[in-house]
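Everything on this sheet refers to the single structure shown next.
The values are calculated or read from the model by the stated rules, or taken from the named source; none is laboratory data. In this text the structure is predicted, and so the values were computed from the model without any measurement. Using ideal geometry, Cβ is built from the backbone for each residue, glycine included, and neighbour counts are taken over all protein chains shown. The protein model used for the area step is the full one, side chains on, heavy atoms only, and it has no ligands, DNA or RNA in it. Shrake-Rupley method; radii C 1.70, N 1.55, O 1.52, S 1.80 Å.
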Amino acid sequence: MAEICLRGVRKVFGGVSVIKGVDLTIADGAFCVFVGPSGCGKSTLLRLIAGLEDINDGSLSIGGADMTRVDPSDRGVAMVFQSYALYPHMTVRDNIGFGLKMTGHPASLIEERTRNAARMLRLDPLLDRKPAQLSGGQRQRVAIGRAIVREPEVFLFDEPLSNLDAALRVQMRTELLALHQDLKATMIYVTHDQVEAMTMADTIVVLSAGCVEQIGAPLDLYHRPRNLFVAGFIGSPTMNILPVTAASADDGRVVVTLPGGVALTLRAPDVPRASFDTGMRLGIRPEHLSATGMGDATLTGRVRLTEHLGSETLIVVTLPDGAEATVKADGLAQARPGDTLAIGVNAAACHLFDRDGLAILNGDLRS
Amino acid sequence: MFPTPIQKAPPWVRMAYPLLLPIALIVWLLPLIGVAVTSVRPVADLAAGNYFGLPSGFAGVENYTAVFRDSPIGLYILNSFKVTVPTVIGAVALSCLSGFALAVYRFRGGTVLFFLFVAGNFIPFQILMVPVRDLTLSMGLYDTVTGLVLFHVAFQTGFCTLFMRNFIVGLPFALIEAARVEGVSEWRIFRFVVLPLMRPAIAALSVLIFTFVWNDYFWATVLVQGQQAMPVTAGLYSLNGQWVAAWHLVSAGSLVAALPPVAMFFLMQRHFIAGLTLGATKG
Ligand SMILES: Nc1ncnc2c1ncn2[C@@H]1O[C@H](COP(=O)(O)OP(=O)(O)O)[C@@H](O)[C@H]1O
Ligand SMILES: [Mg+2]
């Protein structure tokens with residue numbers, strides 16, 4: 001059992017607060033992804049869990065045991081570094097077995113676990129090579145092998161795939177997930193890539209500037225972002241954010257005035273009437289706008305540019321008040337820059353954010 | 001920043017290069033050539049004032065035999081080894097440890113300590129002459145090999161620590177962190193992760209300190225008087241007769257004395273490997 005529990009964890013580097021009070025519980029056996037823009041403190045948070053940085057304030061427990069002040073070597077976690085950090089003077093075999101050997105495990109056990117890990121990661125033919133003779137993907141697998149043989153309850157990965165090319169990255173992604181299925185250990189995975197987060201995680205922790213913005217399952221974050229930051233960070237292409245004025249109407253409805261004066265009625269049964277205001281923002285994902293103009297309301301704009309991705313077409317449209325919106329249309333869409341386009345809005349998929357950027361209404365299409 | 005490769009230089013530079021290079025080399029080596037030529041000069045040349053001209057005959061065999069016959073140069077060289085080898089081992093071993101500590105750990109006063117090591121290098125050692133001599137005398141180490149070794153180790157460790165610390169700082173710190181997370185003790189991290197990667201630094205520093213201590217003349221004369229502890233640099237002086245300077249013998253002795261550092265360089269050469277940390281990081 002290795003549930004990880006952080007309570008009010010803070011970290012200050014030379015007067016600069018980098019982690020500003022994180023409360024987080026990661027269930028045993030979870031695949032948890034920390035995601036956020038570069039510099040938001042993901043690595044720092046991971047290193048706090050590993051024990052490579054001291055926690056200034058708050059507490060950390062792993063598997064029920066308090067680990068706040070415990071040395072990294074005694075935490076029973078394995079970490080895969082972004083730079084791999086392979087011992088350059090040792091062969092792959094020695095790299096993988098080094099930790100076990102140094103902690104006094106018998107040679108037969110080291111041999112057996114190394115062999116198993118090598119088979120699992122397809123490193124068998126490379127065992128006698130030095131790291132310098134390996135490709136990036138192979139080094140990556142050695143780094144993972146080094147973590148596996150210790151059979152830890154917790155794995156920590158710091159952007160392990162960011163040095164690989166796109167094809168290898170996709171392949172390693174599935175391999176890591178298979179590994180998680182096999183080992184059933186708790187894994188924490190850091191990335192700045194929201195696609196990686198969405199595809200791999202069972203729990204995503206969105207971080208921004210040292211604070212947790214939202215914790216949840218990938219689809220929960222997609223359908224019910226708690227604030228503008230999460231709404232903008234999760235999903236690709238990013239959610240359209242339009243300035244609107246909202247006024248409550250009868251029987252739990254709200255009337256939103258879109259750019260260009262178009263009115264759109266949203267169902268908001270559980271939202272107090274007083275929350276509606278001017279200066280609000282409406283969020284709607286490109287995939288919930290329709291280039292055919294069919295929908296609960298129709299916006300009209302001028303096409304600024306189109307991106308043909310084959311399976312789909314992204315159309316960037318300038319709206320009457322200067323705001324821009326991206327529409328995801330099917331791959332055969334004919335729109336050209338300069339055309340006038342009618343855009344249909346799906347009311348059920350609209351999110352409404354107040355002046356502070358907090359969501360007061362989530363258009364969750366699942367419900 | 002780097003010199004242009006000669007292949008890419010203008011034609012006149014390329015023409016002049018093979019001509020000027022040997023000349024520059026010869027000018028640079030003139031003192032050494034002078035000593036080498038003097039070491040095979042017959043005595044008569046020096047008596048006649050023929051210091052820099054062509055030798056009137058070849059007296060190499062006599063001179064070099066005389067060096068070994070007329071002076072205990074064998075003992076002196078042995079003394080030099082007895083001083084130099086322990087100094088190199090002591091200073092390099094100590095500085096590996098202190099360099100590791102200063103590079104890897106952040107502790108109160110660490111920076112101050114590091115600057116002390118650096119600042120120590122700027123003290124002109126001549127001003128230490130009297131206090132160090134008094135110290136060795138009062139410790140009963142005056143005129144002993146041990147005294148010289150202790151002093152040299154103390155004095156060289158400052159520079160060595162600076163060198164080693166900077167080398168270790170240049171190693172990928174993630175290697176140390178990776179080992180820590182794997183549960184490896186700090187001593188074993190030093191022994192099995194850091195030390196093997198320091199091989200080029202250890203080799204370079206060993207050659208440097210070996211040459212430096214071997215060539216030391218100042219402390220050899222300050223801290224030693226008798227033959228039994230005299231290193232070869234100071235001992236060579238005894239080849240001069242009481243009344244006449246026997247420069248041909250001193251030259252021959254100097255060349256003999258200069259051989260060990262050269263040998264040391266070639267011995268260590270294969271350890272000067274660049275890029276030992278290749279493959280530790282990135283794809
Ligand atoms: N050892 C350190 N000393 C000072 N500042 C640091 C240190 N490590 C990280 N930081 C700062 O903390 C912030 C978060 O860093 P990091 O956790 O590496 O971000 P990322 O989310 O990109 O992994 C950055 O602004 C970085 O400059
Ligand atoms: Mg990072």
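One table, with the values for the structure above:
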{"quantity": "Gap separating the Cα centres of region A:305-346 and region B:13-32, nearest whole Å", "calculated": "73 Å"}
{"quantity": "Occluded residues from region A:35-55, i.e. those whose accessible area drops by 30 Å² or more once the chain is not alone (1.4 Å probe)", "calculated": "A:Leu52"}
{"quantity": "Prolate/oblate/rounded label for region B:69-277 (Cα gyration tensor, a/c 1.5)", "calculated": "prolate"}
{"quantity": "Phi-based couplings in Hz for region A:191-206 (Karplus 6.51, -1.76, 1.60; Gly and Pro marked x)", "calculated": "8, 9, 9, 5, 5, 4, 4, 4, 7, 9, 6, 9, 9, 10, 10, 8"}
{"quantity": "The protein assembly as shown - charge dipole about Cα centre, Lys and Arg +1 at Cβ, Asp and Glu -1, debye rounded to 20", "calculated": "1340 debye"}
{"quantity": "Inter-chain shielding of A:96-104 (mean C-beta neighbours from other protein chains, 10 Å cut-off)", "calculated": "4"}
{"quantity": "Drop in accessible area of at least 20 Å² in the complex versus isolated chain, residues of region B:169-185, 1.4 Å probe", "calculated": "B:Ala174, B:Leu175, B:Glu177, B:Ala178, B:Arg180, B:Val181, B:Glu182, B:Gly183, B:Val184"}
{"quantity": "Rounded percent of accessible protein surface that carbon and sulfur make up, region A:1-146, 1.4 Å probe", "calculated": "47 percent"}
{"quantity": "Whole-percent carbon and sulfur share, accessible surface of region A:238-361, 1.4 Å", "calculated": "50 percent"}
{"quantity": "Positive dipole terminus of region A:238-361, leading residue within A:Ala247, A:His288, A:Ala329 (C-beta point charges)", "calculated": "A:Ala329"}
{"quantity": "Whole-number accessible area per residue in Å² for region A:238-361, which is evaluated in the context of all protein chains at 1.4 Å", "calculated": "47 Å²"}
{"quantity": "Anisotropy class of region A:161-213 from Cα gyration tensor, a/c 1.5 cut", "calculated": "oblate"}
{"quantity": "Where region A:4-231 is the region considered: accessible area per residue in Å², 1.4 Å probe", "calculated": "38 Å²"}
{"quantity": "Cβ-based charge dipole, the protein assembly as shown, positive-most Cα from B:His152, A:Ala197, B:Asn240", "calculated": "B:Asn240"}
{"quantity": "Violating pairs (Cα-Cα greater than 29 angstrom) within the set A:Lys184/A:Lys328; A:Lys42/A:Lys130; A:Lys42/A:Lys184", "calculated": "A:Lys184/A:Lys328; A:Lys42/A:Lys130"}
{"quantity": "Most positive-pole-ward Cα, A:Cys40, B:Pro260, A:Val154, against dipole of the protein assembly as shown from beta carbon charges", "calculated": "B:Pro260"}
{"quantity": "Area hidden from solvent between A and B (accessible, protein heavy atoms only, 1.4 Å, total, Å²)", "calculated": "2200 Å²"}
{"quantity": "Accessible carbon and sulfur surface of region B:138-189 relative to its total accessible area, %, 1.4 Å", "calculated": "67 percent"}
{"quantity": "Residue mean of other protein chain beta carbons inside 10 Å, A:77-83", "calculated": "5"}
{"quantity": "Dipole magnitude (debye, nearest 20) for region A:47-140, charges at Cβ of Lys, Arg, Asp, Glu", "calculated": "520 debye"}
{"quantity": "Nearest-ten-degree value, helix B:73-104 long axis tilted from longest Cα axis of chain B", "calculated": "20 degrees"}
{"quantity": "Dipole magnitude (debye, nearest 20) for region A:4-231, charges at Cβ of Lys, Arg, Asp, Glu", "calculated": "340 debye"}
{"quantity": "Shape category assigned to region A:48-201 from the gyration tensor of Cα positions, a/c cut at 1.5", "calculated": "oblate"}
